[in-house]
1. Taking the stated definitions as given, is B:Arg110 closer than 30 Å to B:Leu177 by Cβ and either more than 14 Å from chain A (Cβ to nearest Cβ) or not aliphatic (A, V, I, L, M) (or both)?
2. Can you pull out every residue in segment A:13-44 that is without any contact (Cβ under 8 Å) to a residue 60 or more places away in the chain, polar (S, T, N, Q) and in a strand (DSSP E or B)?
3. Tell me, please, whether a residue that is more than 14 Å from every other protein chain (Cβ to nearest Cβ), farther than 27 Å from B:Ile57 by Cβ, surrounded by fewer than 20 Cβ atoms within 10 Å (Cβ to Cβ) and at pLDDT below 95 can be found in segment B:95-107.
4. When you go through (1) at pLDDT 85 or above; (2) part of a loop (DSSP other than H, G, I, E, B); (3) at negative phi one by one for A:Leu254, which number turns out not to apply?
5. Going residue by residue through segment A:29-45, is there one that turns out to be within 13 Å of another protein chain (Cβ to nearest Cβ) and either on the phi < 0 side of the Ramachandran plot or modelled with pLDDT under 95 (or both)?
6. Could you give every pair whose Cβ atoms fall below 6 Å, whose first residue belongs to segment A:184-201 and is free of Cβ contacts under 8 Å to residues at least 40 places away in the same chain, and whose second residue is hydrophobic (A, V, I, L, M, F, W, C), counting only separations of at least 6 or pairs across chains?
7. A:Ile225 - would you say it is of a type outside the set (S, T, N, Q) and out of contact with any Cys (no Cβ under 9 Å at 6 or more places or on another chain)?
8. So is A:His210 at pLDDT below 85 and within 30 Å of A:Ala163 (Cβ to Cβ) or not?
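The values are calculated or read from the model by the stated rules, or taken from the named source; none is laboratory data. Just so it is clear, the structure is predicted and the values come from calculations on it, not from any experiment. All Cβ positions, glycine included, derive from the backbone under ideal geometry; neighbour counts span all protein chains shown.
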Amino acid sequence: MTNHRLSPQTINDPLVKIRGVTFRRGTRLIFDNVDIDIARGKITAIMGPSGCGKTTMLRIIGGQLRPDSGSVVVDGHEVPALSRRALFTLRKRMGMLFQSGALLTDLNVFDNVAFPLREHTDLPESMIRDLVLMKLEAVGLRGAKHLSPNQLSGGMQRRVALARAIALDPLMIMYDEPFTGQDPISMGVLVRLIKLMKDALGITSIVVSHDVQETASISDYIYVISAGKVVGEGTPETLRNSASEWVRQFMDALPDGPVPFHYPAPDYEEDLLSGGRA
Amino acid sequence: MTQALETLGRAGLRSFERLGRGQIFMAYVLAGIPEIALRWRLVVHQVYAVGVLSLVIIVVSGLFVGMVLGLQGYNTLVDFGAEESLGVLVALSLVRELGPVVSALLFAGRAGSALTAEIGLMKTTEQLSAMEMMAIDPLHRVVAPRFLAGIISMPLLAAMFSAVGVYGGYFIGVGLLGVDEGAFWSQMQDAVDLRDDIFNGVIKSIVFGVAVTWIAVFEGYDTVPTAEGISRATTRTVVNSSLAVLGLDFILTALMFD
């Protein structure tokens with residue numbers, strides 16, 4: 001299991017330090033020289049409109065994607081430069097909650113949570129059972145241990161995925177759109193759980209989301225990304241009072257602004273009159 | 001004309017790129033085989049999924065192919081008064097060619113397509129990504145046991161196909177058409193050679209098992225993660241593995257039985 005004892009100097013260092021990251025998909029520029037710091041033991045939100053690359057940023061931090069340039073340092077390790085073996089060793093200390101839950105569909109709830117423990121440890125089955133039950137109890141689903149993923153609601157699937165993500169007591173958890181498509185009760189449960197992970201376990205959390213109210217209510221620090229750049233950053237209070245047009249449009253859910261309502265297109269009148277020739 | 005050449009060139013480059021990716025993919029999978037061989041339960045589970053669950057179609061097809069061989073063989077041999085050689089004809093046809101080839105084609109349709117769809121769906125639902133983020137290599141944990149199971153299952157299925165086929169030929173030839181039972185079995189025993197016929201048939205089915213399973217797991221892993229992507233990948237698995245089996249069969253036959 002992970003040793004979480006750190007020197008005072010290390011505690012003040014950000015757990016994740018992103019400097020000058022540029023990333024392209026084909027010819028499309030996703031990130032242009034982006035800097036982000038993720039503080040240890042805090043909840044940091046990365047927010048922005050759909051399609052701005054929030055999930056891509058999580059994949060870059062987790063080493064699933066390699067930036068075209070720039071540096072991504074996680075707990076002192078330069079992620080893009082790590083060998084496959086070293087990257088996998090680092091990932092044992094990271095948890096990730098996928099938008100879909102990404103539970104293994106051929107395993108039941110218990111076995112899904114036990115999966116990383118069985119793969120990475122030699123613990124006896126009796127101890128694995130106790131650990132799994134503790135993790136499931138933490139997310140309120142101990143009673144659902146025999147159910148299969150297709151018997152769970154979307155919110156329950158994410159809670160099981162969260163139990164699985166904390167199975168190895170990670171240093172940090174990355175949440176990919178945890179509130180998307182959730183009813184108010186499930187959303188409230190997830191908000192409470194994310195906060196609980198930070199308060200009770202001291203886990204560093206990165207929440208990627210476009211749900212402004214819920215995310216702002218639990219975040220210590222927020223980055224707003226749009227058009228490939230960080231367009232605003234600060235505490236939730238700072239961003240609510242920000243004068244930046246980009247931040248205002250996002251925080252106040254305005255349909256038009258720096259992020260245009262219309263996807264770039266030729267002139268409307270010309271398009272209509274062209275008779276399909278354009 | 002230039003545009004047609006450009007399109008052809010691009011398609012050729014894409015094919016070579018995929019071929020290269022497929023080989024790198026296989027190198028990673030093979031690197032995981034020693035580790036997975038120690039976790040035999042994972043392999044046994046997959047042998048059940050790709051092998052045991054393919055048994056019905058293999059046995060039924062083997063029976064009918066053997067029966068058709070018995071009928072057609074008898075009708076031809078009886079013209080030359082050689083109907084007592086029916087056992088030899090049925091056994092050699094099955095052991096050398098039809099057993100390995102037809103069972104590989106059925107395996108591609110039944111197990112190959114299932115492997116592609118399963119791995120493709122795991123990719124689409126981010127299960128493979130989740131494994132990677134849990135520091136578990138899906139190439140070793142998901143793909144390697146399935147690949148090994150395919151190689152183990154294929155020769156066993158081909159052997160069962162041939163065995164059932166021989167009994168199908170026996171049922172028609174001896175049971176219905178009156179060929180002498182002693183001649184049927186004794187001529188078969190004399191003519192079928194363990195090394196030249198049976199071992200070569202087994203080698204063929206192992207090669208087909210490698211080819212079909214490789215194509216199936218690669219297509220699943222390389223699928224575009226959409227419903228249409230999985231559909232296309234499954235179709236490619238069946239088409240490409242069938243063509244690979246037929247092409248490899250010609251090469252192996254030329255090398256083994258010249």
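1. On the way: closer than 30 Å to B:Leu177 by Cβ: no; either more than 14 Å from chain A (Cβ to nearest Cβ) or not aliphatic (A, V, I, L, M) (or both): yes.
Taking the combined requirement at face value, the residue does not satisfy it.
2. A:Thr22
3. Taking segment B:95-107 first, the residues more than 14 Å from every other protein chain (Cβ to nearest Cβ) are B:95-107.
When the remaining residues are screened for being farther than 27 Å from B:Ile57 by Cβ, the result is none.
No, because not a single residue in segment B:95-107 is more than 14 Å from every other protein chain (Cβ to nearest Cβ), farther than 27 Å from B:Ile57 by Cβ, surrounded by fewer than 20 Cβ atoms within 10 Å (Cβ to Cβ) and at pLDDT below 95.
4. (1)
5. As a first pass, look at segment A:29-45 and keep what is within 13 Å of another protein chain (Cβ to nearest Cβ): none.
No: segment A:29-45 contains no residue that is within 13 Å of another protein chain (Cβ to nearest Cβ) and either on the phi < 0 side of the Ramachandran plot or modelled with pLDDT under 95 (or both).
6. Correct list of pairs: A:Met187/A:Phe179; A:Val191/A:Ile218; A:Met197/A:Ile203.
7. Working: of a type outside the set (S, T, N, Q): yes; out of contact with any Cys (no Cβ under 9 Å at 6 or more places or on another chain): no.
Spelling it out, it is not the case that A:Ile225 is of a type outside the set (S, T, N, Q) and out of contact with any Cys (no Cβ under 9 Å at 6 or more places or on another chain).
8. Working: at pLDDT below 85: yes; within 30 Å of A:Ala163 (Cβ to Cβ): yes.
Yes; evaluated as a whole, the condition is true for this residue.
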